[in-house]
1. So, with +1 on the Cβ of K and R and -1 on the Cβ of D and E, and no other charges, what is the size of the charge dipole of the stretch 1-104 about its Cα centre, to the nearest 20 debye?
2. Using the Cα gyration tensor of the stretch 1-58, with a ≥ b ≥ c the square roots of its eigenvalues, what is the shape: rounded (a/c below 1.5), prolate (a/b larger than b/c) or oblate (neither)?
3. Tell me, in nm to one decimal, what length is gained between Y52 and R31 on full extension, where the rule is 0.36 nm per residue of separation less the Cα-Cα distance?
4. Straight distance only, please: which aspartates and glutamates reach the Cα of K39 with their own Cα at less than 15 Å, same-chain residues fewer than 8 apart left out?
5. Rg and Dmax of the stretch 53-104, using alpha carbons, in Å: what are they?
6. Farthest toward the dipole's positive end in the chain, which of H75, L22, V55, given Cβ charges of +1 (Lys, Arg) and -1 (Asp, Glu) about the Cα centre?
7. Using a 1.4 angstrom probe and counting only protein chains, how large is the accessible area of E81 in Å², to 10?
8. Can you work out the base-10 log of I(q)/I(0) for the chain at q = 0.13, 0.18, 0.22 1/Å, using the Debye formula on its C-alpha atoms alone?
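The values are calculated or read from the model by the stated rules, or taken from the named source; none is laboratory data. Since the structure is predicted, the reported quantities are computational estimates derived from the model, not experimental observations. Here the Cβ positions follow ideal geometry from the backbone for every residue, glycine too, while neighbour counts run over all protein chains shown. SASA here: full protein model, heavy atoms, side chains in, ligands and nucleic acids out. Shrake-Rupley method; radii C 1.70, N 1.55, O 1.52, S 1.80 Å.
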Amino acid sequence: MFEWNDAYSVNITTVDSQHKKLFRLAGDLHRAMLAGAVKTRLFQHLESLAQYTLVHFAYEERLMQEAGYPELAAHKAEHEELAQRVREFQKDFEEGRIATGITLLQFLKGWLQNHIKESDSKYAPYVKAKAAA
Ligand code: FEO
């Protein structure tokens with residue numbers, strides 16, 4: 001469910017590495033769910049994913065800012081929306097909402113697939129071209 005492959009590459013090594021780590025962290029969470037891990041363990045996985053997500057978003061935003069990417073504001077807004085959803089999931093977890101697991105996995109899968117393949121794949125060539133200029 002969370003296997004990185006070349007179709008996700010944005011052709012920037014550092015960003016690809018960070019995306020791979022996000023896939024790994026999401027996969028860890030998925031495996032822990034399948035293994036029936038206790039709530040505190042699942043919460044730790046989600047927390048790791050949430051924290052690394054913020055590190056990654058900040059990194060990308062810096063790249064876009066330095067390159068003068070014209071769609072930075074829209075991309076940042078997407079990041080904020082995704083981060084907000086993760087915070088909501090953390091709250092759901094804390095409060096023991098039953099449907100959280102599957103909904104969360106579907107959300108993570110959609111995010112990794114859609115945001116990387118569409119939004120990230122859009123800024124990356126711009127940033128690369130600027131760096132090469
Ligand atoms: Fe790789 Fe815009 O998140």
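1. Details: 12 positive and 16 negative charges, 94 e Å.
Around 460 debye, computed over the stretch 1-104.
2. Details: a/c = 4.72, a/b = 1.70, b/c = 2.78.
Oblate.
3. Going from the current span to full extension adds 5.7 nm.
4. Counting by Cα, and skipping residues close in sequence, K39 has these aspartates and glutamates nearby: D28, E47, D92, E94, E95.
5. Looking at the stretch 53-104, its Cα Rg and Dmax stand at 14.3, 44 Å.
6. About the Cα centre, the residue reaching furthest to the positive side is L22.
7. 130
8. After summing over all Cα pairs, the log10 values are -0.55, -0.97, -1.34.
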